[in-house]
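For reference, the structure is listed below as structure tokens.
The values are calculated or read from the model by the stated rules, or taken from the named source; none is laboratory data. All of these numbers come straight from a predicted model, not from anything done at the bench. No Cβ is skipped: glycine too gets one built from the backbone with ideal geometry, and neighbour counts run over all protein chains shown. Accessible surface is based on the protein model in full, side chains and every heavy atom, while ligands, DNA and RNA are left aside. Shrake-Rupley method; radii C 1.70, N 1.55, O 1.52, S 1.80 Å.
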Amino acid sequence: MSSRSYAGSIQLPDTNIIFRNIKSAKRFAIDIGGSLTKIAYYSTIAYRKALYNISGDDSQGTNQQSGGSESDLYETSEIERLHFVKFETKYIEQCLDFLRINLLGRESVSGKIIKVTGGGAYKYSDLIQEKLGLIVDKEDEMACLIKGCNFLLRNIPDEQFEFDKHGDPQYKFINSDPNIFPYLLVNIGSGVSIMKVESDSSYERIGGTSLGGGTFWGLGSLLTGAHGFDELLDLASEGDHRNVDLLVKDIYGGAYSALGLPGDIIASSFGKAMHQGTVADKSFSKADIARSLLYTVSNDIGQIASLYAMLHKLGKVYFGGYFLRCHPMSQHSISYAIRYWSKGAVQTCFLRHEGYLGAVGAFLMGAEEEDSGLYSWGENYAGSSCPLVQNDPMTPSSCWGNCDQLEMDKCEQVLMYFPLLANPTEYVPDTVDLTQDKEAREYWVWCFESSLPGFVDRAVSSQACSPDAAARARMFRDKFLERLQHLNTHPFAFGHLTVRSLLDLREHCLNEFDFPDPYLEQKKQENIAALELLSERLQYIDSLPDDCAKNNSSDSAERADIDDVLDDYDNNTSSSSNKNCSSNSAGRAAVNVFDSSKETGCETAAVAVITGLLAGNVFDWGAKEVVALMTKGLSFRQAVDKLQPRPWLIDDLDAWVERLRSGPPHKCAYIFLDNSGCDVVLGVLPFARYLLGQGTKVVLCANSRPALNDVTVAELQGIVERACMICPTLLQHTNDGTLSVISTGHGSPCLDFSRLPRSLVEAASEECDLVVVEGMGRAIHTNLEARFTCDVLKVAVIKNSWLAKRLGGEMFSVMCKYEPAGSALDPSPASTSTETPAVSSVSSVRTPAVCASFVSSTRTSAVNVSSPVPSAGAPPVDAASSPPATVQASAATAVFSKSATTAAVASTAACADLGDGVESTAISHSSKTVTSFGAADEQQTGEDGANSGR
């Protein structure tokens with residue numbers, strides 16, 4: 001396919017319209033409420049998919065640079081996407097006309113059934129059939145709500161949250177447990193329905209009340225003259241209910257201590273109206289009346305919901321329905337009522353996309369005869385608006401008013417929790433929540449902004465023969481920049497704001513404008529160059545003594561007479577494939593090439609493969625300082641010499657080697673890989689080969705989709721194939737099935753063990769007893785504190801000088817963290833003193849200087865800083881060596897520990913540099929918490945409106 005014809009087959013997205021990709025829609029569902037209508041549809045989208053060919057033929061690069069065909073670089077593929085659009089019901093007829101114009105005569109939808117739910121399913125049934133020519137199949141509203149709720153909880157990690165008006169931050173997002181059941185669903189529409197949900201198929205309506213959103217809206221209109229629901233909420237947010245409600249202290253002069261009733265709680269809603277006149281006399285403001293009415297309805301709903309939850313022993317309640325509208329005032333009043341009446345025993349949870357529950361459920365009803373249960377979905381940040389943000393500027397406007405949107409992309413498989421997590425319900429992938437740390441957030445946004453021009457240039461150069469590449473790159477830049485700036489002021493818009501989510505946002509925007517892999521050619525060149533050195537690296541390792549050898553027959557034979565084996569292999573393969581391993585002199589040369597001063601004293605192969613694993617991890621286009629070295633020319637030996645001398649910053653190497661020496665061989669190791677090039681070829685493959693020699697089966701786990709210069713599973717398969725042409729051991733183990741490659745389902749430099757493909761999860765549950773996590777993004781920025789029930793080895797080189805300094809080390813400091821099986825079963829008691837506890841798992845620990853403000857007994861403490869961060873658009877500072885003043889702080893000596901490490905990383909999330917248009921990957925959020933409400937909160941009842949129920 002020529003580049004010209006290919007480019008014509010891809011339609012550039014209009015990012016400011018609703019009903020995106022409507023012309024490729026396959027299936028529809030509608031949820032019609034009295035005020036809002038939600039439409040769900042499914043579409044397919046064409047996009048470029050990178051082809052990975054690591055052959056020595058350089059025709060790919062030549063074609064690309066000369067403006068030739070793209071057919072060697074990309075192929076056309078499709079992605080499946082779910083779209084959800086919400087608009088006011090009063091515009092439904094115009095909306096149906098729009099759909100009819102775009103869909104009339106379409107074979108894919110004409111004459112088919114459309115699933116419809118909500119009260120409008122009956123009112124507008126004839127209109128839908130007349131306008132669209134589709135048969136209306138009405139679905140039960142409650143069944144759709146529950147089905148939609150289950151779907152969102154399973155597929156969007158940050159879907160649920162708690163709201164605390166007095167908290168900082170106000171939004172506290174909660175990861176869904178592996179088992180989301182049981183729970184209570186309270187749907188607040190005109191009235192209120194309360195449903196107990198025990199499984200996908202087991203649920204019942206256990207109660208409700210007639211005092212709901214209709215009550216608030218109806219009475220509010222009568223009492224205040226407000227014209228709409230949102231106008232009432234705005235009035236309520238400005239009012240003071242204490243001017244209208246009768247409080248306990250108004251009756252008793254203070255608290256009623258005998259009954260434990262504080263003086264500021266409500267004794268009688270609207271009670272002061274008995275004594276002080278009427279609205280006509282203007283004795284009460286409309287805002288005060290609206291506030292009092294809001295609390296009247298909310299307290300009633302909260303009390304009833306909490307009573308049902310406690311009666312049925314349910315600790316979690318989800319709220320949905322028109323009454324909430326993701327409005328802070330509604331969320332606050334409900335949260336406070338539940339907290340007050342349950343005394344903190346019941347957790348109040350809201351849903352980011354609660355308005356879509358019915359539409360999602362109705363859509364799934366129409367899809368359940370297909371294979372909808374065989375895959376998961378993920379939120380697409382590039383196409384979704386932010387329902388938690390009032391008057392969200394990213395919400396597209398139309399002739400139908402503001403139309404909220406949610407888009408979700410289909411994953412390859414069902415995503416599941418990794419089976420060897422020690423406590424899946426408490427697992428949080430990220431270490432820092434940028435939502436809580438304003439300075440860190442501002443710095444990271446600034447880093448992404450300042451790196452954007454270089455990243456745009458790389459995207460264009462990756463498709464130099466595409467005539468529209470520059471135009472698409474500008475569209476990518478504008479959209480990503482708009483979202484960055486919006487998230488800087490509204491960090492809760494997509495859930496937890498983390499560096500991982502910012503990286504995901506950038507990848508989503510790149511894919512939106514058809515840049516699937518800007519580092520495609522760079523990775524190919526580095527893989528080829530590294531493969532030419534693989535034989536020499538393996539010979540060097542084989543020349544070292546190995547006191548951990550398990551006497552594997554095939555591997556010991558190769559080591560015993562490596563020259564004979566290589567000579568025999570060379571006689572049966574092409575000289576070009578084995579030019580580096582054809583003679584004994586080549587082996588001696590290899591020893592000279594890789595005989596680094598850092599490795600000379602290693603003495604054993606077991607240590608050398610770890611050192612090599614770390615040296616390989618130095619090669620990262622996501623670290624600005626390393627990019628400068630690589631641009632000048634960085635050899636593998638130089639990378640080894642760059643590593644911090646032992647003892648390392650976190651140094652469990654001796655404990656790891658002792659485990660290999662004295663323990664039985666691991667059954668199967670799952671290695672989660674980082675970068676292409678030297679990292680995977682000269683670092684990971686020799687390490688994997690060593691484990692194979694121990695008798696350990698090895699599974700190499702790589703990204704499904706591109707992200708920066710990280711290796712993808714498609715690339716890895718080609719790399720392993722080429723490596724097998726160089727190394728007989730790798731070839732034998734590949735043929736035997738003891739060396740294999742598997743996809744992680746990810747497209748990120750970070751790693752989330754709660755969202756891995758079923759195929760990986762099922763295989764690991766049967767055989768894995770060793771997890772190896774490599775690289776800063778996967779082992780430090782995420783999963784630093786992840787605990788497992790098997791042996792775990794976390795290795796990374798810190799390639800950012802500021803981050804290294806804040807962790808108490810220097811550039812190229814090393815983390816080699818070994819956590820043996822069973823260590824996760826020993827609970828780590830929380831520190832109750834201000835002293836930093838020792839690190840029990842580190843056998844040899846350096847004592848660095850750690851910034852005093854980083855040392856904290858809590859995981860989520862923020863950095864105290866004094867100077868403002870550079871404003872957006874400020875001239876970029878060399879973040880690697882001279883971060884802005886906002887993140888400068890004095891250092892103090894402290895013992896390096898897990899607590900200190902966590903606090904340091906939490907604060908340094910603001911300060912790692914993104915490098916030459918890429919990333920130094922960072923981290924995100926802290927522990928999963930159920931808020932505990934104490935006496936201090938009870939003192940806020942005067943403002944918050946708790947009801948004594950007298």
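Look at (1) within 21 Å of Leu803 (Cα to Cα); (2) in a helix (DSSP H, G or I); (3) of a type outside the set (S, T, N, Q) and you find that Leu434 fails only one, number (2). Among the residues making up segment 135-148, a single one is part of a loop (DSSP other than H, G, I, E, B) and surrounded by fewer than 21 Cβ atoms within 10 Å (Cβ to Cβ): Asp140.
To keep it simple, each residue is scored yes or no on (1) among the basic types (Lys, Arg); (2) open to solvent by 10 Å² or more (accessible area, probe 1.4 Å); (3) under 20 Å from Gly218 (Cα atoms).
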residue	(1), (2), (3)
Ala290	no, no, yes
Asp300	no, yes, yes
His312	no, yes, no
Tyr318	no, no, no
Arg325	yes, yes, yes
Ser330	no, no, yes
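The requirement of being in a helix (DSSP H, G or I), modelled with pLDDT of 50 or more and open to solvent by 20 Å² or more (accessible area, probe 1.4 Å) is not satisfied by Lys49. Scanning segment 344-372 for residues that are surrounded by fewer than 19 Cβ atoms within 10 Å (Cβ to Cβ) and more than 30 Å from Ala309 (Cα to Cα), we see that the one that is modelled with the highest pLDDT is Ala367.
Taking the criterion of being assigned to a helix (DSSP H, G or I), under 22 Å from the mean Cα position of the chain (by Cα) and charged (D, E, K, R), the only residue of segment 329-362 that qualifies is Glu354. Of all the listed residues (Val186, Val197), the sole one being assigned by the TED database to the domain that holds Lys313, open to solvent by less than 10 Å² (accessible area, probe 1.4 Å) and more than 30 Å from Ala287 (Cα to Cα) is Val197. A Cβ distance below 8 Å, combined with a sequence gap of six or more or placement on separate chains, defines the contacts here; from segment 435-448, residues that are among the aliphatic types (A, V, I, L, M) reach residues that are outside any helix (DSSP H, G or I) in the pairs Ala440/Val432; Ala440/Leu434; Ala440/Ala862; Ala440/Val863; Ala440/Ala909; Ala440/Ala910; Ala440/Cys911; Val445/Ala872. Of the residues in segment 474-489, at least one is buried (at least 22 other Cβ atoms within 10 Å of the Cβ) and closer than 18 Å to Asp430 by Cβ.
Evaluate segment 208-229: report whether one residue or more is assigned to a strand (DSSP E or B), in the same structural domain as Cys326 (by the TED database) and surrounded by fewer than 19 Cβ atoms within 10 Å (Cβ to Cβ). Yes - at least one qualifying residue is present in segment 208-229.
For Val248, work out the one condition from (1) under 28 Å from Cys326 (Cβ atoms); (2) touching a residue at least 60 places away in the same chain (Cβ under 8 Å); (3) among the β-branched types (Val, Ile, Thr) it doesn't fulfil. (1) is the only condition that Val248 fails. Checking every residue in segment 536-549 against the condition of being outside the structural domain of Trp444 (by the TED database) and polar (S, T, N, Q) gives at least one match.
Annotation note: of Gly808, Gly747, Gly777, the sole residue that is under 30 Å from Lys410 (Cβ atoms) and either among the polar types (S, T, N, Q) or in contact with a Leu (Cβ under 8 Å, 6 or more places away or on another chain) (or both) is Gly777.
The set of residues from segment 712-728 being within 20 Å of Glu532 (Cβ to Cβ), open to solvent by 40 Å² or more (accessible area, probe 1.4 Å) and under 28 Å from the mean Cα position of the chain (by Cα) comprises just one member, Gln717. Scanning segment 305-328 for residues that are assigned to a helix (DSSP H, G or I), in contact (Cβ under 8 Å) with a residue 40 or more places away in the chain and touching a helix residue (DSSP H, G or I) at 6+ places or on another chain (Cβ under 9 Å) returns Ala305, Ser306, Ala309, Pro328. Scan segment 656-665 and tell me whether some residue there is modelled with pLDDT of 70 or more and in contact with a Phe, Trp or Tyr (Cβ under 8 Å, 6 or more places away or on another chain). Yes: one or more hits. For segment 763-785, which residues satisfy the criterion of being part of a loop (DSSP other than H, G, I, E, B) and either more than 21 Å from Leu613 (Cα to Cα) or open to solvent by 10 Å² or more (accessible area, probe 1.4 Å) (or both)? Passing the criteria: Cys768, Asp769, Glu785.
Every residue, every condition in (1) open to solvent by 20 Å² or more (accessible area, probe 1.4 Å); (2) small (Gly, Ala, Ser), yes or no:
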position: Pro664; (1), (2): yes, no
position: Asp674; (1), (2): no, no
position: Gly677; (1), (2): no, yes
position: Val681; (1), (2): no, no
position: Gly695; (1), (2): yes, yes
position: Asp710; (1), (2): no, no
position: Leu730; (1), (2): no, no
position: Ser740; (1), (2): yes, yes
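All of Gly68, Gly33 fail the test of being within 30 Å of Pro518 (Cα to Cα), outside the structural domain of Ser704 (by the TED database) and modelled with pLDDT under 90, apart from Gly68. Leu660 satisfies every condition listed in (1) closer than 25 Å to Val761 by Cβ; (2) touching a Cys at 6+ places or on another chain (Cβ under 7 Å) except (1).
None of Ile128, Ile92, Ile156, Ile114 is among the β-branched types (Val, Ile, Thr), buried (at least 19 other Cβ atoms within 10 Å of the Cβ), within 16 Å of His353 (Cβ to Cβ) and touching a residue at least 60 places away in the same chain (Cβ under 8 Å) except Ile156.
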